[in-house]
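Asks: Can you keep this structure in mind? I'll have questions shortly.
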Amino acid sequence: MRAVVIKGEWAPRRELSPEEVAGRWARDATAAWREPKWTLDERAVPRVAGPHDVLVRSKAVGICGSDVHLHETDDEGYVLLPYRVRLPLVPGHEIAGEVVEVGAEVRRVRPGDPVAVQTLQYCGRCGACRSGLPGHCVDAEDSGFTIDGGMAEFVLSRESNVRSLAAVRERYSERDTYEIGALCEPASVAYVGLFLRGGGFRPGGIATVHGCGPIGLASVSLLRAAGAAKVLAFDTEPARCKLAELVGADAAYDVTKLRGDGMRPSDVVLEQTSGEGADMCVEAAGAAAAVLPEIERSISVGGKVVLLGSESGAVPMQTMAYLLRGASVHGSIGNIGGLDPVIALHAASRIDLRPIVTARFDLAAATDAVRQASLRQDAKILVKV
Ligand SMILES: [Zn+2]
C-alpha cells in the first residue's frame, strides 16, 4: 500500500530512560529525533491478527499542528514536538475511514461501516488510567506518534478505538461523512478541555476563544451548542475570524486590527460583558504570553480558563487576577471521552465544522500538505486517501 512515512535520525541530546533507549522512542521527541524526512513509501498492508483488530481503509486524515511539529525543526535540526514519538512512522491521527476487515470477536462494527478512529491506545494499568484519566496515560501507544497512523491506504486499529459514523452518514453524503469523521478528532480535543477537564459553564454564560485554528473553531461551535449567551473569538488572521463567525461566534476580532485601533481583546470583552468579564476563556492560540494578560483583565468572578494551545517554554502569570476572581485554570490534552459526543452533535446538526476545511490534498501530496500547514494560514487541511 502507499503510505506517508516520516524517517529521522536518532540522536539523543538529553539522557533518556533505559526503556526509551531500548525501544528507540522518546517521551519527548525534541530530545531525540532530528532531520525528519517525509516520503511516500510502499508498505505492506497491516494484517488483522488479533480477535479485536479492525482494519480501516483511510478516507480522510486531518493535518494537525503536531504533524507540522514533526516536519519543522529547531536550529539544531531537532523536531519541535514535545510528545512521545517512535520513528520511522506513518503519521496521521485525525482519521476517518471505512472498515474493511475485522477480527473474530469484533461485534460493534463490520466491513463497510464508516468510522472515526480514536488513536490513543491507553494501557489501563498506570496511575492515570487507574484514576479515570486514561487520556493522560503514561504508557500509551498512539497511532500517528508511536505506532503507524492514518496517512496510508490502510490503518490497523481495534474495536475499542473505532467509533461508527453511521448516524452522521444518515444526514450527510459519504464524502462529508468522512471529512466530518476526521474533524471529530480536533473537535473532541476541544470538548474534553471545555466540558470534561474544564467542567463546562452555565447556559447563558459568556465565552471567549483566543486563537481560531481548528481547536479554537471547534471550541466556538461547542460553546454555542452548549448554550453560551455570547461567544467572542480572537485571531490574528482575518480569514480565520470569518470562519469563527461561520461556525458560531457572535463576533470575531482581528487582533492586529484591534491593536491598530488602540484596543486590546480584553477591552472588547469588558465592553461586551458590561465590565463583568467572560465566564469561560479558552486559550487555543498556543500563545499564552500574549493571551493570558488579556484573559486576566477580562475573566469574570468564578470564571474558568481552559488551556488547549500547546507550546514549549514558560510564560508569566498574574496570580492575583485569579485569586481576586476565584478563577480556575484547566489544562487539557487529547480526546478521550470526547469522540462520541462530538459525533452525536454532528449527527444531530448541533454543530457543523465542515466550513473549517480550507484545503484538501491527495495522499501522494501529503508532504505538500504539511508544508502548507506550516505557513499557518489555513484552518484544517485534509489529506484525502
Ligand atoms: Zn495508562
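Asks: Within the range 39-64, list the residues whose amide N lies under 18 Å from a label point set 7 Å along Cα→Cβ of E153.
Replies: Correct set: 39-48, 55-61.
Asks: One quarter of the convex hull surface, Cα atoms only: what value does that give for the range 111-151 in nm²?
Replies: Dividing the Cα hull surface by four gives the mean projection, 3.8 nm².
Asks: Pop a pseudo-label 7 angstrom from the Cα along the beta-carbon direction at both E105 and E311 and give the gap in nm to one decimal.
Replies: 4.7
Asks: Starting from 0 in steps of 10 Å, tell me what percent of the Cα-Cα pairs of the chain lands in each bin.
Replies: Bin by bin from 0 Å, the calculated values are 5, 23, 33, 26, 11, 2, 0.
Asks: What order, most packed first, do the peptides 192-202, 47-57 have when packing is the mean number of other Cβ atoms within 10 Å of each residue?
Replies: Values: 192-202: 20.3, 47-57: 17.2.
Result, highest mean first: 192-202, 47-57.
Asks: Rounded to the nearest 0.05, what FRET efficiency is calculated for R2 and A344 with R0 set to 35 Å and r the Cβ-Cβ distance? If you can, show how the numbers build up before the last one.
Replies: Working: r = 33 Å, r/R0 = 0.95.
Efficiency, rounded to the nearest 0.05: 0.60.
Asks: Using 0.36 nm per residue of separation minus the Cα-Cα distance, give me the extension gain between S274 and V301 in nm, one decimal.
Replies: Working: separation 27, 0.36 × 27 = 9.72 nm, distance 1.33 nm.
Computed gain between S274 and V301 is 8.4 nm.
Asks: What is the packing order of peptides 270-277, 354-361, taking the mean over residues of other C-beta atoms within 10 Å and listing the highest first?
Replies: Working: 270-277: 15.1, 354-361: 17.8.
Descending mean neighbour count gives 354-361, 270-277.
Asks: Which order do the peptides 369-381, 91-103, 73-85, 207-219 come out in when sorted by mean C-beta neighbours inside 10 angstrom, highest first? Walk me through the numbers before you get to the answer.
Replies: Values: 369-381: 18.8, 91-103: 24.3, 73-85: 17.2, 207-219: 30.2.
Final packing ranking: 207-219, 91-103, 369-381, 73-85.
Asks: Then there's this: Just to verify a number: FRET efficiency for D261 and R371, C-beta to C-beta distance, R0 = 41 Å, to 0.05? Can you show the working numbers first?
Replies: Values: r = 34 Å, r/R0 = 0.83.
Once rounded, the FRET efficiency stands at 0.75.
Asks: What are the principal axis extents of the Cα atoms in the range 1-77, in Å, biggest first?
Replies: Sorted largest first, the three principal extents are 39, 27, 21 Å.
Asks: Where in the range 155-181 is the amide nitrogen less than 17 Å from a point lying 7 Å along the Cα-to-Cβ axis of R43?
Replies: Counting backbone N atoms under 17 Å from the label point, the list is 155-158.
Asks: Relative to a virtual label point 7 Å from the Cα of S160 in the Cα→beta-carbon direction, which members of the range 119-150 show backbone nitrogen distances below 15 Å?
Replies: In the range 119-150, the label zone of S160 (backbone N under 15 Å from the point 7 Å along Cα→Cβ) covers 119-143.
Asks: Taking just the alpha carbons, could you work out the radius of gyration and Dmax for the range 199-331, both in angstroms?
Replies: In Å, with Rg to one decimal and Dmax whole: 13.2, 36.
Asks: For the chain, build the charge dipole from Cβ charges (+1 Lys, Arg; -1 Asp, Glu) around the Cα centre, then report which of V370, S173, P88 sits farthest towards its positive end.
Replies: Toward the positive end, the furthest listed residue is S173.
Asks: Rounded to the nearest 500, what is the 222 nm mean residue ellipticity of the chain from helices alone, with -39500 (n - 2.57) per DSSP H run of 4+ residues and division by all residues? Could the numbers behind the result be given before it?
Replies: Working: 13 runs with 105 residues, N = 385.
Rounded to the nearest 500, the figure is -7500 deg cm²/dmol.
Asks: Here is a follow-up. What's the extension gain from K242 to C126 if we count 0.36 nm per residue and subtract their Cα-Cα distance?
Replies: Values: separation 116, 0.36 × 116 = 41.76 nm, distance 4.31 nm.
Value of the extension gain: 37.5 nm.
Asks: Roughly how many nanometres apart are two label points built 7 Å out from the Cα toward the Cβ at A364 and A22?
Replies: Each label point lies 7 Å from its Cα, and together they span 4.4 nm.
The numbers here are math on the coordinates, done by the rules we state, and not lab data. Everything quoted here is computed from the prediction, not taken from an experiment. Quick reminder, even Gly has a Cβ in these numbers, built from the backbone with ideal geometry, and neighbours come from all protein chains shown.
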